[in-house]
Each structure stands twice: as C-alpha cells, then as structure tokens.
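Undergrad: One structure, as structure tokens, below. Some questions next.
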Amino acid sequence: GAVVSQHPSRVICKSGTSVKIECRSLDFQATTMFWYRQFPKKSLMLMATSNEGSKATYEQGVEKDKFLINHASLTLSTLTVTSAHPEDSSFYICSAATRSGANVLTFGAGSRLTVL
Amino acid sequence: AQSVSQHNHHVILSEAASLELGCNYSYGGTVNLFWYVQYPGQHLQLLLKYFSGDPLVKGIKGFEAEFIKSKFSFNLRKPSVQWSDTAEYFCAVKSSASKIIFGSGTRLSIRP
C-alpha cells in the first residue's frame with residue numbers, strides 16, 4: 001500500500017532558528033500533499049495544501065512566510081518553520097493524495113518539534 | 001465554511017460493549033466522509049470512507065458507519081469492542097474544495 005515517510009520524527013531547536021521537515025511518498029506519486037498541525041488533545045488543523053510545481057495554498061491564520069512549503073517533485077514536499085519560537089512547538093503531520101485516490105489520504109508518522 | 005463536530009471527547013467502555021461515536025458536519029453540498037484511527041504511538045490510518053452509494057459502509061476491524069444526509073451525520077459503530085480498539089478516532093469531511101477537515105477526535109478507552 002501507499003506509504004508516506006516523514007523526517008525527522010523528532011527535532012529540538014533553539015528559538016530563532018529554522019527547521020525543515022520532509023515528507024516523501026515512497027511508492028506513489030503525490031500530486032497533492034497536506035500539512036497538518038496537531039495540538040495536544042485537539043484535532044488536526046489543516047495548515048496548507050501543497051501542489052506539485054505550484055505555490056501552496058495556506059489556510060486562514062497560517063503565516064505563509066513563517067511556514068514555508070515547497071513541493072518540488074511528485075514525491076517530496078518540505079515544510080520549513082522559519083525563525084521558530086516556543087509557541088511553534090507542536091506535532092506536524094503531512095499527508096499525501098494520489099491522482100487516482102485523491103479522496104483518500106495517506107499520513108506520515110508526524111514530526112514532533114520542540115523549540116527551546 | 002465546512003466544519004466537523006465530534007461531541008464525545010472521551011468514551012470509556014468495557015470489552016464486548018457496543019460502540020457508537022457521533023460525527024456531524026456542516027456543509028450543504030456533496031461530501032466525502034471518513035473515519036481515521038490513531039492507535040497509541042502510531043500514525044493515522046483510514047478506517048472507512050463514504051463517497052456515494054450505500055449509506056452504510058463497512059470498514060476494517062468490524063467497524064461500520066452510516067451516512068444520514070438529512071442529519072448531516074456519519075456515526076461510527078462497532079457491535080462489540082475489544083481492548084485493542086483503544087485509540088483516538090477522527091471523523092473527517094472532504095468537500096468540493098478538495099481539502100479534508102478533521103473533527104476534534106474522540107479518545108476511546110476500553111477496559112479489559
């Protein structure tokens with residue numbers, strides 16, 4: 001079945017630094033990838049929709065200059081948290097949809113970001 | 001804007017009890033509906049989905065859900081739960097805008 005790999009699974013960084021999270025579709029081409037943020041005991045909040053070869057579409061309230069998304073190929077999307085602050089500490093999850101299964105998402109295992 | 005409501009935040013059941021988790025959505029157009037499950041320490045997995053046709057859909061591990069359009073609901077059911085069903089369950093809706101919105105999740109705890 002479809003597999004999405006997310007790396008790193010955990011990252012700790014200092015305030016003010018930038019962190020890049022990678023999301024790869026291992027055995028299928030992902031034309032669309034979605035980035036979610038999961039708060040403790042809360043739902044997944046959709047941050048942005050990433051389409052291969054075009055600019056990401058950000059949800060209302062999500063700073064596009066802070067959360068940079070790049071989807072340069074059909075198997076890789078990256079989320080860069082720029083100038084991270086402690087309030088950016090969270091669990092970030094990517095998911096991917098294929099052309100044929102565009103209504104079904106395959107999720108990565110998530111990345112736990114801790115900003116000191 | 002579309003939204004998804006899961007009113008049960010935490011459900012505690014004994015093994016062999018029947019389960020029903022509520023899910024209501026707000027969107028007037030055509031929707032695709034999903035239930036995802038997140039077992040402790042694992043990533044989200046698709047449990048079942050509804051696109052069209054028979055409103056009663058069956059998923060993995062004995063779960064089923066019924067789409068009731070008039071009630072904007074897509075409740076998840078299982079006739080007899082097991083300890084291994086302990087997990088977080090998320091209802092999700094995809095509208096024509098092509099983005100999938102999740103409910104706040106329901107934590108299910110099963111007493112052995």
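Undergrad: Using θ = phi - 60° and the Karplus curve 6.51 cos²θ - 1.76 cosθ + 1.60, what whole-Hz ³J(HN,Hα) does each residue of region B:78-85 get, with Gly and Pro shown as x?
TA: These are the phi-based 3J(HN,Hα) values: 8, x, 8, 7, 10, 4, 6, 7 Hz.
Undergrad: A follow-up question, please. For the residues A:LEU46, A:LEU79, what sequence is obtained by ranking on other C-beta atoms within 10 Å, fewest first?
TA: Fewest-to-most Cβ neighbours within 10 Å comes out as A:LEU46, A:LEU79.
Undergrad: Also: Loop-only check: which chymotrypsin sites (Phe, Trp or Tyr not before Pro) in region A:29-90 are DSSP coil with at most 13 other Cβ within 10 angstrom?
TA: Taking region A:29-90 and a limit of 13 other Cβ atoms within 10 Å, no loop chymotrypsin sites (Phe, Trp or Tyr not before Pro) are found.
Undergrad: If you bin the C-alpha pair distances of the protein assembly as shown every 5 Å from 0, what whole percents do you get?
TA: 1, 7, 14, 18, 19, 16, 12, 8, 4, 1, 0
Undergrad: Within region A:7-25, whose backbone N sits under 13 Å from a point 7 Å along Cα→Cβ of A:HIS85?
TA: Under 13 Å, as judged by backbone N against the label point of A:HIS85, lie A:15-17 of region A:7-25.
Undergrad: Sticking with this structure for a sec: Given Cα pairs under 8 Å that are at least 6 residues apart, what percent is the relative contact order of region B:15-112? Show your work: numbers first, answer last.
TA: Values: 212 pairs, mean separation 34.1, N = 98.
Reported relative contact order: 35 percent.
Undergrad: I've got another one for you. Give me the three principal axis extents of region A:58-97 from the C-alpha atoms, as integers in angstrom, largest value leading.
TA: Reported extents, whole Å, longest axis first: 31, 19, 19.
We did not get these values from a lab; they are worked out from the coordinates using the rules stated. The model shown is predicted, which means the values in this text are computed figures rather than measured ones. Glycine gets a Cβ as well: all are built from the backbone with ideal geometry, and neighbour counts include every protein chain shown.
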